[in-house]
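I have placed the structure first, in the form of structure tokens, so that the comments after it can refer back to it.
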Amino acid sequence: MALNIERDEHTGTDTTGHEWDGLKELNTPLPKWWLYTWLACILWALVYFVFFPSFPYGKGYIHGLLGASSRNDVMADVKGFAAERNAVMSKVAAASFDDIRKNPELLAAAQTAGRITFANNCQPCHGAGGAGNPGFPALAAGSWLWGGKLEDIQQTITHGIRSGDDAARDSQMPKFGTDGLLKPEEIQQVADYVSTAFFGLALKDAAPASIAAGKDIFAANCASCHGDNGEGNRDVGAPRLASKIHLYGGTRDLIVRQVTSPHMGVMPNWNGRLDTATIKSVAIYVHDLGGGE
Ligand code: HEC
Ligand code: HEC
């Protein structure tokens, strides 16, 4: 059928010749700028398709000639950071504490590693910022059981305390009550003495005679570890008793309990879980908490 193309009198535009029940279709082509933009987009899509990842199929996808992948970029970045970190941390492992302190780059790396390691591994027992918990010593307080120099702290962390490690710090306070080394009455007396003389507690019903008897019991049984004046002894990890900072709490009941059957706290050894550089880093962190010597 021949198309009847004519000019529309209202718009001045040609019709296409299509007509439905008297309605005629105007021939209004796409604007050129629109058409070329559209074609350019198709062309770009094809180019992109060839060079970059595009269609998925099954479990994979078309990778494109450039093999671009933001996942690989991230992995490469991570590898780069890890290599940088390993380089710094092996220097930390090899350097002495003095040299680490003198080198701002090593010190910064060790402080960061130490802070993160402490939060992940030590905080559950020792509390945030090393504030301590009953039975878990306050590391920020400067009241050291075993020693507060960097080397002491490193040794404690590496081998632990009563941990079963061959080089662990180890000592046992005798079970004066359970093993019958002291009579219950004597335990009460020595607790009166320790409470008043060292812990600074004012006991309502402690008779001076009991305290005096306790003093003799202390000198005979306890001073060898805790010192004549309750000053403690780091060779055996015996806490300073003449102090406001207590491992287990500062009450008379707790003294009786400890003398009857001592807790003997266990600190895990970390040599199997953390490498040398990380242990040194966390030692620096602990030392810097406020109590380091
Ligand atoms: C399972 C609990 C536990 C965890 C985890 C733990 N510790 Fe301990 N830590 C202890 C106990 C208990 C003691 C005290 C043992 C004792 O009675 O002598 C201790 C003692 C110490 C001491 C000796 C303090 C002193 O006064 O001489 C240092 C230092 C220390 N811990 C550091 C750390 C660091 C660093 C970590 C993490 C890498 C850590 N601890 C993780 C339980 C723990
Ligand atoms: C062989 C050494 C040794 C002897 C002897 C000893 N102690 Fe201890 N004492 C320790 C050690 C080590 C600890 C900490 C260990 C633990 O239980 O975690 C301790 C802890 C304590 C504590 C807890 C301190 C705190 O800060 O909470 C008290 C109290 C105490 N001893 C009292 C005594 C009394 C009293 C005697 C004598 C009847 C005595 N000890 C004899 C080694 C000794």
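The values are calculated or read from the model by the stated rules, or taken from the named source; none is laboratory data. No experiment lies behind these values; they were computed from the predicted model shown. Methodologically, a virtual Cβ is constructed for each residue, glycine included, from the backbone with ideal geometry; neighbour enumeration extends over all protein chains shown. Heads up: the accessible areas ignore ligands, DNA and RNA and are worked out on the full protein's heavy atoms, side chains in. Shrake-Rupley method; radii C 1.70, N 1.55, O 1.52, S 1.80 Å.
The condition (being open to solvent by 60 Å² or more (accessible area, probe 1.4 Å), more than 15 Å from ligand 1 (Cβ to nearest atom), assigned to a helix (DSSP H, G or I) and farther than 30 Å from SER281 by Cα) is satisfied by just one residue among ASP179, ASP216: ASP216. Of the residues examined, THR251 is one that is within 10 Å of ligand 2 (Cβ to nearest atom), among the hydroxyl-bearing types (Ser, Thr, Tyr) and in contact (Cβ under 8 Å) with a residue 24 or more places away in the chain.
If the condition is being open to solvent by less than 80 Å² (accessible area, probe 1.4 Å) and in a helix (DSSP H, G or I), then the range 2-38 contributes LEU35, THR37. Taken together, the criteria place SER195 among residues that are within 11 Å of ligand 2 (Cβ to nearest atom), open to solvent by less than 30 Å² (accessible area, probe 1.4 Å) and part of a helix (DSSP H, G or I). Given the options VAL88, VAL50, VAL92, name the one that is within 16 Å of ligand 1 (Cβ to nearest atom), open to solvent by less than 80 Å² (accessible area, probe 1.4 Å) and among the β-branched types (Val, Ile, Thr). Answer to the check: VAL92. The requirement of being open to solvent by less than 60 Å² (accessible area, probe 1.4 Å) and either more than 16 Å from ligand 2 (Cβ to nearest atom) or in contact with a His (Cβ under 9 Å, 6 or more places away or on another chain) (or both) is satisfied by GLY148.
When the criteria are applied in full, PRO262 meets the requirement of being open to solvent by less than 20 Å² (accessible area, probe 1.4 Å) and farther than 17 Å from ALA140 by Cα.
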